[in-house]
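Structure, as structure tokens:
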Amino acid sequence: MMDAGSRSVSALNSAGVPATLTPSAVNPTAASPSAPAALTEGQRAAFLTLLTDDDPAIYQLIRGKIIEQGQPARDWLRGHTLSSDPVLRRRAQEIVDYFERGAADNRFLAFCLSRGEDMDLEQAIWLLCQTQYPNINALAYTALFDSYAADLRVRIDFGAPLDRIIGTINHYLFNELGFAGNEAAYYDPDNSYLNRVVDRRTGNPISLCVVYLAVARRLRLPVTGIGMPGHFVCRLQTSKGEVYIDPFRKGKLLTKGDCIKFLINSGHDFHDGFLSPVTPRRILQRICANLHHIYSDLGLAEETTRFQRYIVALSK
């Protein structure tokens, strides 16, 4: 009877992979640029065996070899994400997600390069979320925002003063639904991914403003995003007047004077541009810049590079 190590060597040989793990073998980026030959049935069976190996180096090697195969490997592995073997199921899903994130990355970049300042902000943000969470159902989240607006539509007196209209929205979002600023883990990357913000009911200032903007748009209220240095708020401006809203602090109402005071206390000279509405493209760029900064501080080079590409694309 062969022990686990002997079985691994046998499977490596069946898969056509050298049993001696060199750095170039473990690192798929060091592979030959030529397209690999399609896997035989024997190689596929061997790869499946090796995906469950306890040795992390073997797993990384086989992961790299499968990724070299490109999209056909993704389609083949997808069926094994339902395997009865929990290790195979988990590792197959991880590799399939790798491919899906790459496809989402391409879709997001193409969207950024083909849209102007007034892009569809929600569509853009769901595309961004899929670069990290490729399996999310964006339509389900859109339907959830629709339901928020439907609940509010029957509660709001649209002829009331602005503070009463905002008060109704605030009570619903922050008291009933429980949205709140994540002060305890302000730099958690999930604070910037809208699906996670909705799931956890917490986020950073700009992501909570996006929730507010999404609901206000459905209610046909002229709410805009205001991107001050160091903070992000919303503004409702009508013929009746204007009011600033801070969703990070449960919808706290602010005046223009309050915003100017914040800027001065933060060490910024005031100019009108700081309180001008931000276009959807610039909101998206600021979200990407926040994530770039967070991933850089965490030392996650691949993620930092990815968001640098997004920022460049949105700067065009």
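The values are calculated or read from the model by the stated rules, or taken from the named source; none is laboratory data. Everything numeric in this text was worked out from a predicted model, so none of it was measured. All Cβ positions, glycine included, derive from the backbone under ideal geometry; neighbour counts span all protein chains shown.
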(message) Only one of Thr81, Thr40 is at pLDDT 85 or above and surrounded by 14 or more Cβ atoms within 10 Å (Cβ to Cβ). Can you tell me which?
(response) Thr81
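Just one of Gly267, Gly178, Gly227 is touching a strand residue (DSSP E or B) at 6+ places or on another chain (Cβ under 9 Å) and on the phi > 0 side of the Ramachandran plot; which is it?
Every option except Gly178 fails the conditions.
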(message) Can you find, within region 262-302, the residue that is nearest to the chain's Cα centre (by Cα) among those that are closer than 27 Å to Gly116 by Cβ and of a type in the set (D, E, K, R)?
(response) Arg286
(request) Go through region 86-154 and tell me which helices (runs of 4 or more DSSP H), entirely inside it, have 3 or more residues that are surrounded by fewer than 16 Cβ atoms within 10 Å (Cβ to Cβ) and not assigned by TED's automatic domain parsing to the domain that holds Leu48. (result) 86-114, 138-153
